[in-house]
Amino acid sequence: MAMEWNRLLNPGRLCRPEYGEKPGRPAYLQDYDRILFSEPFRRLAQKTQVHPLHNHDHVHHRMIHSMETASVGRSLGAGVGAALAERGSLAADQVARLAGHVEAACLVHDIGNPPFGHSGEDSIGDWFAAQFRSGRGIAAEVPPHLRAEFEHFEGNAQGFRIVGRLEYAQQQGGLRLSYATLGAFMKYPCTRLVRDEAVGAGKAPYVGLKKFGVFQSDAALFEETAEALGLPAEPGGWRRRHPLAFLVEAADDICYRILDIEDAASMGDLDRAEVAGALEAIVGKPNEDRGLPMRDRIGLLRAFAIGQSIDAAVTAFLENYDAIMMGEFNNGLMEVSSKAQAFARLKELSEQRIFVARRKTELEITGRQVLHAVLDHFHGLYGDLAACGWDVEELKARHGYWAKLIRAVDLDLRGVEDAYTAMHALADFVSGMTDRYALKVRDMVAGSVSR
Ligand SMILES: Nc1ccn([C@H]2C[C@H](O)[C@@H](COP(=O)(O)OP(=O)(O)OP(=O)(O)O)O2)c(=O)n1
């Protein structure tokens, strides 16, 4: 059965389904503001998008990327909404809602990203995997069936944990975003356990199963969301994606594919003429040289390229509308759009020239050592907390040094009551750090004088 917009745009809030909207303040606006003013969002300004610890002020960090993605997402939502309203598939007063929920979900889409970008995700996962293999420390007491969600640390699942649990004083439902925004945010509507059972050792049979978006501890919060939205449930316990998740994904793809190559020119990894060429391939024609300096030409080309990519994504959504609403669409919108080839070329450029560039590679190695040093050090604290029967006051009374460390970093130990919750708290702390703060904490625990 096809999904229905009345349920998909449900403005009810996680753990507060009955929470009403105030006149003039629809749920998506309130979501946007809650996200924007949250501390994890603020920290995105000091988190790696592609280039760790750069000192070039035009290069993207996760916050500006999130805001650009929100801007593109709003255009995608407005374009799709208007076309659906014209066809009679969406009520006219739902067009702004559709665009607003996409915009809010785009704003929050990277909130769970750790320091040092994708490489930071791998570093955290590798640390947990090594810990489980060694059989040492409190990490080794995490039940085996729950280990994969640490070994393959996922910023997407961490994001759902932040907005659904951690923010706003760890109240039930966290930021209590609307179901519609949470659904649009959820690219991977499954836990790791469910995903592994559905996928096995082979290739993911569904686009929403490529990774996972929910930790086991948050499964009930996700179920509540999925039920409220009417996302089709599969026998293995996973769900089909919310249709708007495809728009959030397309907005993300458009932004990072295009802006990553522009940043690469700023960082010296690509030549400006190569960047102009790749953008011209999206626009479909060479840009007239009007005597403009190359930087301005690239600026103009970027604007045209983003505009045309938005149109292509809207068309792709409308062309695949029935499959999307049935939960059967199994691809990315940009991959099936008229810009697919030009985007494949951008992907190739990124993988061959940007992600493997020397400076980035060296700093990713540094980042890994930094994260591992911090994880090693704090792991001991959780071990001693276990020995104190998970009583934080007892830990502080028995171990003056840990009391000092808790004070120094304002460590949040609420809800820690066994090895599983302890290791999530450790992952919360480390993944929540900015690149800069990770260096500072590493220096502190290593006894280096802070820079
Ligand atoms: N080895 C890599 C791989 C990716 N990136 C950068 C490129 C993009 O700017 C950004 C993409 O990150 P996302 O978290 O948006 O990732 P995806 O869309 O690939 O994955 P997900 O499905 O987890 O959102 O990371 C990088 O710097 N180095």
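Based on what the data block shows, is R133 within 26 Å of A386 (Cβ to Cβ), modelled with pLDDT of 95 or more, away from the ligand (no atom under 16 Å from the Cβ) and surrounded by fewer than 19 Cβ atoms within 10 Å (Cβ to Cβ)?
yes
Residues are listed down the side, and each one gets a yes or a no for (1) within 21 Å of A228 (Cβ to Cβ); (2) touching a Pro at 6+ places or on another chain (Cβ under 7 Å); (3) among the aromatic types (F, W, Y):
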position	(1), (2), (3)
Y19	yes, no, yes
A83	no, no, no
L98	yes, no, no
V102	yes, no, no
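Looking only at the stretch 382-396, which residues are farther than 13 Å from D418 by Cα and not acidic (D, E)?
Listed by number, the residues that qualify are L395, K396.
Do any helices (runs of 4 or more DSSP H) lying entirely in the stretch 351-416 carry at least 3 residues that are without any contact (Cβ under 8 Å) to a residue 40 or more places away in the chain, within 28 Å of the chain's Cα centre (by Cα) and within 15 Å of the ligand (Cβ to nearest atom), and which ones are they?
358-387
Any idea which of (1) of a type in the set (F, W, Y); (2) out of contact with any Ser or Thr (no Cβ under 7 Å at 6 or more places or on another chain); (3) modelled with pLDDT of 95 or more is the one Y168 doesn't satisfy?
(3)
If only one of G389, G367, G380 is in contact with a helix residue (DSSP H, G or I) (Cβ under 7 Å, 6 or more places away or on another chain) and among the small types (G, A, S), which one is it?
G367
Suppose we filter the stretch 49-108 for residues that are away from the ligand (no atom under 12 Å from the Cβ), in contact with a helix residue (DSSP H, G or I) (Cβ under 6 Å, 6 or more places away or on another chain) and in a loop (DSSP other than H, G, I, E, B); how many remain?
So the answer is 4.
Every residue, every condition in (1) among the aromatic types (F, W, Y); (2) on the phi > 0 side of the Ramachandran plot; (3) within 12 Å of the chain's Cα centre (by Cα), yes or no:
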residue: A105; (1), (2), (3): no, no, yes
residue: I111; (1), (2), (3): no, no, yes
residue: F116; (1), (2), (3): yes, yes, no
residue: W127; (1), (2), (3): yes, no, no
residue: S134; (1), (2), (3): no, no, no
residue: P143; (1), (2), (3): no, no, no
residue: R147; (1), (2), (3): no, no, no
residue: H152; (1), (2), (3): no, no, no
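Please tell me if G112 is within 13 Å of the ligand (Cβ to nearest atom) and in contact with a Gly (Cβ under 8 Å, 6 or more places away or on another chain).
Spelling it out, G112 is indeed within 13 Å of the ligand (Cβ to nearest atom) and in contact with a Gly (Cβ under 8 Å, 6 or more places away or on another chain).
Check whether at least one residue in the stretch 378-385 is loosely packed, with under 14 Cβ neighbours inside 10 Å and either touching a Leu at 6+ places or on another chain (Cβ under 7 Å) or outside the structural domain of Q308 (by TED's automatic domain parsing) (or both), and report yes or no.
No, the stretch 378-385 contains no residue that is loosely packed, with under 14 Cβ neighbours inside 10 Å and either touching a Leu at 6+ places or on another chain (Cβ under 7 Å) or outside the structural domain of Q308 (by TED's automatic domain parsing) (or both).
For (1) surrounded by 19 or more Cβ atoms within 10 Å (Cβ to Cβ); (2) in contact with a Leu (Cβ under 7 Å, 6 or more places away or on another chain); (3) within 30 Å of V445 (Cα to Cα), each residue gets a yes or a no:
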position	(1), (2), (3)
R272	no, no, no
G284	no, no, no
L292	no, no, no
R295	no, no, no
A323	no, no, no
M326	no, no, no
A342	yes, no, no
R353	no, yes, no
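Would you point out which residue out of Y188, Y179 is within 15 Å of the ligand (Cβ to nearest atom) and among the hydroxyl-bearing types (S, T, Y)?
Only one candidate qualifies: Y188.
Would you check if T315 is under 22 Å from R436 (Cβ atoms), assigned to a helix (DSSP H, G or I) and out of contact with any helix residue (DSSP H, G or I) (no Cβ under 8 Å at 6 or more places or on another chain)?
When the stated conditions are applied, T315 does not pass them.
Would you check if L231 is within 28 Å of T315 (Cβ to Cβ) and either assigned by TED's automatic domain parsing to the domain that holds L182 or surrounded by 23 or more Cβ atoms within 10 Å (Cβ to Cβ) (or both)?
Criteria met by L231.
Just one of (1) out of contact with any strand residue (DSSP E or B) (no Cβ under 9 Å at 6 or more places or on another chain); (2) assigned to a loop (DSSP other than H, G, I, E, B); (3) not assigned by TED's automatic domain parsing to the domain that holds L381 trips up R136, so point out which.
It fails just one condition, (3).
I need a count of the residues in the stretch 1-48 that are within 16 Å of the ligand (Cβ to nearest atom) and part of a loop (DSSP other than H, G, I, E, B).
Adding up the residues that qualify gives 1.
Quick grid of which residues meet (1) in contact with a Pro (Cβ under 7 Å, 6 or more places away or on another chain); (2) in the same structural domain as L98 (by TED's automatic domain parsing); (3) closer than 30 Å to E4 by Cβ; (4) within 15 Å of the ligand (Cβ to nearest atom):
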| residue | (1), (2), (3), (4) |
| --- | --- |
| D252 | no, no, yes, yes |
| D263 | no, no, no, yes |
| D271 | no, no, no, no |
| N287 | no, no, no, no |
| R295 | no, no, no, no |
| A312 | no, no, yes, no |
| Y321 | no, no, yes, no |
| M325 | yes, no, yes, no |
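Name every residue in the stretch 404-439 that is crowded, with 16+ Cβ neighbours inside 10 Å and farther than 21 Å from I162 by Cβ, in order of residue number.
L405, A419, L439, listed by residue number.
Is it true that some residue in the stretch 203-213 is more than 24 Å from G77 (Cα to Cα), away from the ligand (no atom under 13 Å from the Cβ) and either crowded, with 24+ Cβ neighbours inside 10 Å or not hydrophobic (A, V, I, L, M, F, W, C) (or both)?
Looking through the stretch 203-213, at least one residue is more than 24 Å from G77 (Cα to Cα), away from the ligand (no atom under 13 Å from the Cβ) and either crowded, with 24+ Cβ neighbours inside 10 Å or not hydrophobic (A, V, I, L, M, F, W, C) (or both).
The values are calculated or read from the model by the stated rules, or taken from the named source; none is laboratory data. Just so it is clear, the structure is predicted and the values come from calculations on it, not from any experiment. Note that we place each Cβ from the backbone using ideal geometry, even for glycine, and neighbour counts take in every protein chain shown.
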